[in-house]
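Sharing a structure here in C-alpha cells format.
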Amino acid sequence: MSRVMPESWPLPELNEKTRPFFTSGCIMLQICGRCGQTQHPPEDVCFACQFTEFNFTEHQGTGTIYSFTEIVYPIHPNLKAAVPYLVALVSLTDAPDVRILGNLIDISPDEVRIGLSVEAVWSEVRNEPSKDVYLLPQWRRVSKNTA
Ligand SMILES: [Zn+2]
C-alpha cells in the first residue's frame, strides 16, 4: 500500500497509550474505565469525567468523510514528490464523535465529497532506528458492491 509520507518521516513514540492505535491494524480507541467515553487521540485523562484509567476497544474501521483537503504545497522538502495528495478527517460509523485523520487514497479530488463512505486500509511502516512496525490507517472509498 503506497504511503504519502517518506520512509524517513518521524513517527509518534510508541507507549502504552499510543501502541494499540499504531500497531494493531484496526481502529483501536481509548475507552474511559468509568464513564465509557470514547476518545482519540489517547490522553492521560478522560475528556468527559477526568478519570485516568482506560481500556481499548476495536472499532469497525468504516466511516464517512467529515472534512478533507488537497495538499498541493509541500510543507517539507521530503514531501515534494508526494504532492498533490488528499487528507481526510473521517467520522467513524460506530463512534461518530471520534474523527480520525489520514490520507485518502485511490480517489481523485473531484470525486471526494463530505459524507462519502470510506474504510480504513493499513500502511505498514518500519520506524528507524527503533525498528518498531507501525500500521497506519489510510482511507479508501467503500466500493458500491460492498457498501
Ligand atoms: Zn470518563
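Please find, among 83, 133, 90, 118, the residue that is at pLDDT below 95 and touching a Lys or Arg at 6+ places or on another chain (Cβ under 9 Å).
133
For residues that are assigned to a loop (DSSP other than H, G, I, E, B) and closer than 11 Å to residue 65 by Cβ, scanning just region 103-137, find the one that is most open to solvent (accessible area, probe 1.4 Å).
Here the residue is 113.
Given the criterion within 17 Å of residue 143 (Cα to Cα), under 17 Å from the mean Cα position of the chain (by Cα) and without any contact (Cβ under 8 Å) to a residue 60 or more places away in the chain, identify the matching residue among 87, 118.
After applying the criteria, what remains is 118.
While we're on this one: Can you tell me which residue in region 32-53 is farthest from the chain's Cα centre (by Cα), limited to those that are surrounded by 14 or more Cβ atoms within 10 Å (Cβ to Cβ) and more than 9 Å from the ligand (Cβ to nearest atom)?
38
Return yes or no: is residue 68 near the ligand (Cβ under 9 Å from one of its atoms), open to solvent by 60 Å² or more (accessible area, probe 1.4 Å) and free of Cβ contacts under 8 Å to residues at least 60 places away in the same chain? Please lay out each step first, then the result.
Values: near the ligand (Cβ under 9 Å from one of its atoms): no; open to solvent by 60 Å² or more (accessible area, probe 1.4 Å): yes; free of Cβ contacts under 8 Å to residues at least 60 places away in the same chain: yes.
Answer is no for this residue.
Test residue 56 against the criterion of being surrounded by 13 or more Cβ atoms within 10 Å (Cβ to Cβ), without any contact (Cβ under 8 Å) to a residue 40 or more places away in the chain and within 16 Å of the ligand (Cβ to nearest atom), and give yes or no. Steps first, please.
Numbers: surrounded by 13 or more Cβ atoms within 10 Å (Cβ to Cβ): yes; without any contact (Cβ under 8 Å) to a residue 40 or more places away in the chain: yes; within 16 Å of the ligand (Cβ to nearest atom): yes.
Answer is yes for this residue.
The values are calculated or read from the model by the stated rules, or taken from the named source; none is laboratory data. Worth saying up front: this structure is predicted, and the values here are computed from it rather than measured. Reconstructed Cβ throughout: ideal geometry from the backbone, glycine too, with neighbour counts over all protein chains shown. These accessible areas exclude ligands, DNA and RNA; they are computed on the full protein's heavy atoms, side chains included. Shrake-Rupley method; radii C 1.70, N 1.55, O 1.52, S 1.80 Å.
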